[in-house]
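> Submitted below is the structure of interest, expressed as structure tokens.
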2 protein chains.
Amino acid sequence: MLTANKRDTGIDERFKCAMRRLASTVTIITTEWDGRRYGMIATAVCSLGVNPPSLLVSVAQSASLHDPVLASKHFCVNLLRVLHADLLPPFSGQHTGESRFEFGCWARHEVGLPFLSNAQASLFCKVDDVLRYGDHAIVVGRVIDARVAEEIEPLLYQNGSIAAAQSIS
Amino acid sequence: MLTANKRDTGIDERFKCAMRRLASTVTIITTEWDGRRYGMIATAVCSLGVNPPSLLVSVAQSASLHDPVLASKHFCVNLLRVLHADLLPPFSGQHTGESRFEFGCWARHEVGLPFLSNAQASLFCKVDDVLRYGDHAIVVGRVIDARVAEEIEPLLYQNGSIAAAQSIS
């Protein structure tokens, strides 16, 4: 049952295999810089705490969003709903730059951030701290505003495919 | 439908409401220090990257696990499966300290870390960096070993209750 500590696979493979089992909510992180919008699919998002309201995202230095987020010092985390499955291809490689925003219903918040108007939730953040590690930047966002949809049906990513959660309690 | 930007609720409440919509895999983070085991339920875990294999966890400074993790410089992230729902009460307040480990099948890894032997996955980490923010420590772990169960049925937490993922692709 357990393929634990197999000596024939390296830690890199075992790590990837383990991470496929960390089911996560799919998000689109957005920002705007120099009149252009940037957006990318991300699952490496987690809550930090309520004092102050904050979260963190992990962004690869190679991502097109990386430099604009650090330059604008603002970003928005849009939690996707099951109905947003069709946004995954354009926001994860099929399209680039502004053309990604032709897919989905996008609006602009007063702080100058693009947000998905029917997202599960949109969290508007100011960059408060950055920790560089390996080839990623861990970006701490202080949440300055949030929009929330009442119906709860976040889009999940698990084992390389999309999923929805069913309550079991 | 949208309760967006309601002026009658503060950002703290909207933040909490939004975070309840970030469905996450439930984990138990463990460590050992000075001959004692420590463990706590956590959902603030995310993958960092493969170069090097790494993840991060967010730990409140008030958590009993906080000081032992920083002292031992090692921790294990155990991803729970649906069958582990009964571990939530003891590991989130009903019990404290060593007595928590009377629940579940625990073993000890050669690096001196307790792990749940039938976890969805167990990731053994060395603390590589720490960023303090607000009342939390963001702890970056370099993954030095991993155990993985083949069957994929992670235990999720969404909107204050437990859930399981159903593939929709």
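The values are calculated or read from the model by the stated rules, or taken from the named source; none is laboratory data. Nothing here was measured: the structure is a model prediction, and the numbers come from that model. A quick note on method: Cβ atoms are made from the backbone with ideal geometry, for glycine too, and the neighbour counts reach across all protein chains shown. Ligands, DNA and RNA are excluded from the accessible area calculation, which covers all protein heavy atoms including side chains. Shrake-Rupley method; radii C 1.70, N 1.55, O 1.52, S 1.80 Å.
> Roughly speaking, what is the centre-to-centre gap between region A:121-136 and region A:15-71 when only Cα atoms are used, to the nearest Å?
Using only Cα atoms to place each centre, the spacing works out to 7 Å.
> Taking the label point 7 Å from Cα in the Cβ direction, how far apart in nm is A:Gly160 from each other copy of itself, listed shortest first?
Label point to label point, same position, other copies: 3.8 nm.
> Could you give me D for the protein assembly as shown, from Stokes-Einstein at 20 °C and 1.002 mPa s, where the hydrodynamic radius is the Kirkwood radius over C-alpha pairs? Units µm² s⁻¹, please.
It comes out at roughly 107 µm²/s.
> Nearest 0.05, what FRET efficiency do A:Asp86 and A:Asn51 give at R0 = 41 Å with Cβ-Cβ as r?
The calculated FRET efficiency here is 0.65.
> Where the label is 7 Å out from Cα toward Cβ, how close does B:Gly35 come to the same position in every other copy, in nm, shortest first?
7.0
> Quick check on region A:17-67: take the gyration tensor over C-alpha atoms, sort the square-rooted eigenvalues as a ≥ b ≥ c, and tell me if it's rounded (a/c under 1.5), prolate or oblate.
Oblate is the answer for region A:17-67, as a/c is 1.5 or above yet b/c matches or exceeds a/b.
> Report the per residue volume, in Å³, of the convex hull enclosing the C-alpha atoms of chain A.
Once divided by residue count, the hull of chain A is 152 Å³.
> Per the 1.4 Å probe, what fraction of the accessible area of the protein assembly as shown, in percent, lies on carbon and sulfur atoms?
The computed percentage sits at 47.
> Then there's this: Which parts of region B:120-136, residue by residue, lose 10 Å² or more of accessible area when the rest of the protein chains are there, as against the chain isolated (1.4 Å probe)?
Buried by 10 Å² or more upon assembly, which counts only protein chains, are B:Gln120, B:Ala121, B:Leu123, B:Asp128, B:Asp129, B:Leu131, B:Tyr133, B:Gly134, B:Asp135, B:His136.
> Express the accessible area of region A:1-135 per residue in Å², computed with a 1.4 Å probe while the remaining protein chains stay in the model.
Here the residues of region A:1-135 average 42 Å² of exposed surface.
> Sticking with this one: Given only helices, namely DSSP H runs of n ≥ 4 each adding -39500 (n - 2.57), what is the per-residue ellipticity at 222 nm of chain B, to the nearest 500 deg cm²/dmol?
Taking each H run of at least 4 residues, the total per residue is -2500 deg cm²/dmol.
> 7 Å along Cα→Cβ for the label point: how many nanometres lie between A:Ser64 and each equivalent label in the other copies, listed shortest first?
4.9
> At q = 0.20, 0.22, 0.23 Å⁻¹, what log₁₀ I(q)/I(0) does region A:8-92 have when each alpha carbon counts as one equal point scatterer in the Debye sum?
Per q value, in the given order, log10 I(q)/I(0) is -1.05, -1.16, -1.21.
> Nearest 20 debye, what's the magnitude of the dipole of the protein assembly as shown about its Cα centre given +1 on Lys and Arg Cβ and -1 on Asp and Glu Cβ?
Value, rounded to 20: 60 debye.
> Before we go on, tell me the buried accessible area for the A/B pair, both chains summed, 1.4 Å probe, in Å² to the nearest 100.
Separately minus together, A and B give about 6800 Å² buried.
> Oh, and also: What net charge is computed for the residues neighbouring A:Arg36, neighbours being all others with C-beta under 15 Å from the C-beta of A:Arg36, Lys and Arg scored +1, Asp and Glu -1?
Overall, the nearby charge balance is -2.
> About its Cα centre, how strong a charge dipole does region A:15-136 have in debye, to the nearest 20, once Lys and Arg get +1 and Asp and Glu get -1 at the Cβ?
Once rounded to the nearest 20, the dipole reads 360 debye.
> Also, I was wondering about something else. Over the protein assembly as shown, how many pairs of lysines fall under 24 Å by alpha carbon, counting only those 8 or more apart in sequence or from different chains?
Count of close lysine pairs: 10.
> Go from 0 up to the bin containing the longest alpha carbon distance in region A:79-169, width 5 Å each, and give me the % of pairs per bin.
All Cα pairs considered, the percentages come to 3, 11, 16, 19, 22, 19, 8, 2, 0.
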